[in-house]
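S.K.: Let me begin by handing over the structure; questions about it come next.
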Amino acid sequence: MTTKFYWIFWILFCAALSLFLFNMLTGKTSQQALMPGPLSDGHHQFADNCQVCHTDAFGEGEVLQEACMDCHGELRQKPMDSHPAAKFKDPRNADLLQQINALECVSCHVEHKQEITQKDGITQPLDFCVHCHQDVEQERPSHEGMDFMTCKDSGCHNYHNNRALYTDFLVKHLEDPAIKDRAILKEREFGKILDELMKYPHQQFPVTALAIEDADMHNKGDPELVEQWHQSRHAAAGVNCSACHQPLDENKEPQAWRDTPDEKVCAVCHDLETKGFQQGKHGMRLDAALPPLQVKEARLPMKTEAGHQSLTCNSCHSDHAYDVQVAAVDACLNCHNDKHSLAYQNSPHYRLWQEELKGTKPEGSGISCASCHMPRINVDVNDWVSRIMVDHNQSRNLSPNSKMLRSSCLHCHGLNFSLNALADPQQIENNFSTPPAKTLHPSMELARRDNERYLRETANLPTD
């Protein structure tokens with residue numbers, strides 16, 4: 001009797017386990033049930049698809065390293081990375097790898113370890129800098145007595161992107177004014193250089209303005225939507241309704257009409273913008289072939305009424321009007337409900353934005369949400385053409401704050417002003433509604449002292 005009972009129990013257990021695994025593989029059961037611990041804020045969107053990182057169920061560290069590099073590899077090269085892999089592959093630095101394996105991402109970033117995960121997904125002790133820089137007091141007397149636990153503080157060092165905090169850069173900007181004489185954002189250049197963009201489908205969309213009667217909408221369409229299209233930059237650039245709603249297939253033949261085009265249609269013309277969008281938190285699920293992120297799934301405070309919205313290109317750029325002014329502010333505030341976002345409309349930045357919209361300030365002088373979190377950057381399109389474009393990867397300018405210095409703050413402000421603002425949590429929370437401290441930031445003071453020491457030492461050198 002006992003043996004029979006065990007056999008029945010074993011058969012039922014195997015059947016239940018098989019059903020559970022089958023449902024998990026087919027997406028009917030969440031894969032989170034097998035996770036050893038929660039994912040970090042950077043990767044939590046992939047909780048229902050472990051294969052995004054674990055591409056080989058039986059692979060080990062090399063599989064995870066490849067997965068990391070597939071998404072973040074471009075940022076692990078100079079000048080974006082202060083500690084690129086090439087630095088540690090140099091035989092002269094071989095001894096450093098015995099202290100910390102800087103060639104593998106998982107040396108510092110280990111998922112499913114919430115109890116030891118710190119800001120920015122770091123799972124290393126904050127004093128890991130000491131492994132390589134234990135002699136910094138002798139090399140830089142300005143650092144004498146400093147605790148290695150403070151290296152990563154905002155306004156000091158950033159392991160991967162330290163470009164705005166090199167001593168020479170700090171010294172160069174010691175005398176910067178708080179606000180620059182020409183505090184203007186760079187002008188977007190997409191429309192101006194269309195003729196030079198090889199990937200743009202010129203034959204399909206000749207750059208000629210279309211009249212409202214040229215609209216080739218399906219079943220005559222909605223007159224209001226057609227009017228929105230006619231007033232948009234798409235109509236001005238020769239992009240008709242069918243361009244988005246009937247994209248060409250592999251044989252260059254129009255496909256069946258789609259009421260809701262996807263991001264692949266946007267990428268036909270806006271490939272760099274789409275790529276950036278899918279690298280950031282707004283669109284990273286699309287890049288992994290997952291359904292788009294819904295607002296309610298975000299870990300930042302969001303407005304309850306926006307919870308059901310899915311994040312695609314058209315979440316910010318309305319379906320037909322494509323008003324970049326709406327996308328730059330209204331689209332953000334429709335969802336975000338954190339203190340920083342809510343304080344924006346009481347800030348000097350917002351007042352400048354309103355004055356630009358009214359025409360009392362020049363174009364580019366207003367500061368929208370996108371001005372800082374999706375800044376204008378210079379991108380090499382090919383070997384002979386570069387252009388100023390909006391960086392749609394908003395994750396690149398979130399945290400750590402020091403990443404925003406070059407790409408955002410320094411367009412309008414001096415370096416000391418910017419460092420003081422970004423290093424003050426209260427300033428960030430109130431969206432810079434009040435001026436930051438006017439004293440010299442500690443990083444700037446260290447650079448000033450280091451530079452004075454260098455000048456004293458070189459002044460005593462013998463001349464040839």
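The values are calculated or read from the model by the stated rules, or taken from the named source; none is laboratory data. Just so we're clear, the structure is a prediction, and the values are computed from it rather than from any experiment. Here Cβ is always computed from backbone atoms with ideal geometry, including for glycine, and neighbour counts include all displayed protein chains. Ligands, DNA and RNA are excluded from the accessible area calculation, which covers all protein heavy atoms including side chains. Shrake-Rupley method; radii C 1.70, N 1.55, O 1.52, S 1.80 Å.
S.K.: Write out, first by first residue and then by second, each pair whose Cβ atoms fall under 7 Å of each other, whose residues are 6+ apart or on separate chains, and whose first residue, in the stretch 115-143, is closer than 19 Å to P442 by Cβ while the second is surrounded by 15 or more Cβ atoms within 10 Å (Cβ to Cβ) and acidic (D, E).
M.R.: R140/D450; S142/D450
S.K.: Follow-up. Being part of a loop (DSSP other than H, G, I, E, B) and of a type in the set (A, V, I, L, M) is the filter; apply it to the stretch 429-444 and report the residue that is nearest to G366 (Cα to Cα). Spell out the reasoning first.
M.R.: The first filter runs over the stretch 429-444 and keeps only residues part of a loop (DSSP other than H, G, I, E, B), leaving 430-441.
This time we only want the ones that are of a type in the set (A, V, I, L, M), so: 437, 440.
Values: A437: 23, L440: 27 Å.
This residue is A437.
S.K.: Output the number of residues of the stretch 125-135 satisfying the condition of being surrounded by 14 or more Cβ atoms within 10 Å (Cβ to Cβ) and either charged (D, E, K, R) or within 17 Å of Q65 (Cα to Cα) (or both).
M.R.: Going through the stretch 125-135 one residue at a time, the tally reaches 0.
S.K.: Checking the conditions here, which among K358, K403 is at pLDDT below 90, open to solvent by 40 Å² or more (accessible area, probe 1.4 Å) and among the basic types (K, R)?
M.R.: Values: K358 fails: at pLDDT below 90.
Only one candidate qualifies: K403.
S.K.: Here's something else I'd like to know. Do you know which of the residues in the stretch 88-103 that are of a type in the set (D, E, K, R) and open to solvent by 60 Å² or more (accessible area, probe 1.4 Å) is nearest to M35 (Cα to Cα)? Steps first, answer last, please.
M.R.: Initial filter on the stretch 88-103 (of a type in the set (D, E, K, R)): 89-90, 92, 95.
Okay, now just the ones that are also open to solvent by 60 Å² or more (accessible area, probe 1.4 Å), so 89, 92, 95.
Values: K89: 34, R92: 40, D95: 36 Å.
Taking the candidates together, the pick is K89.
S.K.: Taking the stretch 290-310 on its own, how many of its residues are among the aliphatic types (A, V, I, L, M) and without any contact (Cβ under 8 Å) to a residue 40 or more places away in the chain? Reasoning before the result, please.
M.R.: Step one: of the stretch 290-310, the residues among the aliphatic types (A, V, I, L, M) are 290, 293, 295, 298, 300, 302, 306.
Filter once more, keeping what is without any contact (Cβ under 8 Å) to a residue 40 or more places away in the chain: 298, 300, 302, 306.
Residues flagged as among the aliphatic types (A, V, I, L, M) and without any contact (Cβ under 8 Å) to a residue 40 or more places away in the chain within the stretch 290-310 amount to 4.
S.K.: Another question, then. Look through N431, N382, N397 and report the one residue that is open to solvent by less than 50 Å² (accessible area, probe 1.4 Å), over 19 Å from R163 (Cβ atoms), modelled with pLDDT under 90 and of a type outside the set (A, V, I, L, M). Can you show your working first?
M.R.: Values: N431 fails: modelled with pLDDT under 90; N397 fails: over 19 Å from R163 (Cβ atoms).
Result of the check over N431, N382, N397: N382.
S.K.: Here are some residues: H218, H230. Which one is open to solvent by 70 Å² or more (accessible area, probe 1.4 Å) and either under 17 Å from S318 (Cβ atoms) or modelled with pLDDT under 90 (or both)? Spell out how you get there, then give the answer.
M.R.: On the way: H230 fails: open to solvent by 70 Å² or more (accessible area, probe 1.4 Å).
Of H218, H230, the one residue that is open to solvent by 70 Å² or more (accessible area, probe 1.4 Å) and either under 17 Å from S318 (Cβ atoms) or modelled with pLDDT under 90 (or both) is H218.
S.K.: Of a type outside the set (F, W, Y) and modelled with pLDDT of 90 or more, is that true of Q65? Walk me through it before giving the result.
M.R.: Working: of a type outside the set (F, W, Y): yes; modelled with pLDDT of 90 or more: yes.
Here the answer is yes, as Q65 does meet what is asked.
S.K.: If you scan the stretch 195-242, which residues turn out to be assigned to a loop (DSSP other than H, G, I, E, B) and among the polar types (S, T, N, Q)? Break it down stepwise before answering.
M.R.: The initial filter retains those residues of the stretch 195-242 that are assigned to a loop (DSSP other than H, G, I, E, B), namely 197-211, 215-217, 221-222, 231-232, 237-240.
Within the stretch 195-242, Q203, Q204, T208, Q231, S232, N240 meet the criteria.
S.K.: To continue, here is another question. Taking the stretch 178-195 only, how many residues are exposed (fewer than 13 other Cβ atoms within 10 Å of the Cβ), of a type outside the set (K, R) and within 20 Å of A267 (Cα to Cα)?
M.R.: 2
S.K.: Can you tell me which of D81, D127 is within 30 Å of R453 (Cα to Cα), charged (D, E, K, R), modelled with pLDDT of 85 or more and in a loop (DSSP other than H, G, I, E, B)? Steps first, answer last, please.
M.R.: Values: D127 fails: modelled with pLDDT of 85 or more.
After applying the criteria, what remains is D81.
S.K.: Inside the stretch 412-428, can you point out the residues that are at pLDDT 90 or above, surrounded by fewer than 20 Cβ atoms within 10 Å (Cβ to Cβ) and in a helix (DSSP H, G or I)?
M.R.: Q426, Q427, I428, listed by residue number.
S.K.: Then there's this: Search the stretch 436-464 for residues that are farther than 18 Å from C409 by Cα and of a type in the set (S, T, N, Q) and pair each with any residue that is at pLDDT 90 or above and surrounded by 12 or more Cβ atoms within 10 Å (Cβ to Cβ) when their beta-carbon atoms are under 6 Å apart and the residues are at least 6 apart or on different chains.
M.R.: Sorted first by the residue in the stretch 436-464, then by its partner, the pairs are N451/V171.
S.K.: Please list, ordered by first then second residue, the pairs with beta carbon atoms under 9 Å, 6 or more apart or interchain, first in the stretch 67-87 and closer than 15 Å to C108 by Cβ and open to solvent by less than 40 Å² (accessible area, probe 1.4 Å), second small (G, A, S) and part of a helix (DSSP H, G or I).
M.R.: That search, which allows pairs on different chains as well, returns R76/A85.
S.K.: Please enumerate the residues belonging to the stretch 136-155 that are surrounded by 16 or more Cβ atoms within 10 Å (Cβ to Cβ) and out of contact with any helix residue (DSSP H, G or I) (no Cβ under 6 Å at 6 or more places or on another chain).
M.R.: The answer is R140, C151, K152.
S.K.: If I ask for residues that are among the aliphatic types (A, V, I, L, M) and more than 18 Å from the chain's Cα centre (by Cα), which ones from the stretch 68-92 would you list? Step through it out loud before you land on a result.
M.R.: Of the residues in the stretch 68-92, the ones among the aliphatic types (A, V, I, L, M) are 69, 75, 80, 85-86.
Correct list: A85, A86.
S.K.: Oh, and also: Six or more apart or on different chains, Cβ atoms under 8 Å: show the pairs whose first residue is in the stretch 352-380 and at positive phi and whose second is acidic (D, E).
M.R.: G364/E187; G364/E356
S.K.: Sticking with this one: Find all pairs meeting these conditions: Cβ atoms under 9 angstrom apart; at least six residues apart or on different chains; first residue within the stretch 177-200 and without any contact (Cβ under 8 Å) to a residue 60 or more places away in the chain; second residue surrounded by 11 or more Cβ atoms within 10 Å (Cβ to Cβ) and small (G, A, S).
M.R.: So the pair list comes out as G191/A236; G191/A237; L194/A237.
S.K.: Take the residues in the stretch 102-159 that are over 16 Å from D81 (Cβ atoms) and hydroxyl-bearing (S, T, Y), then tell me which one is nearest to the chain's Cα centre (by Cα).
M.R.: The qualifying residue nearest to the chain's Cα centre (by Cα) is S154.
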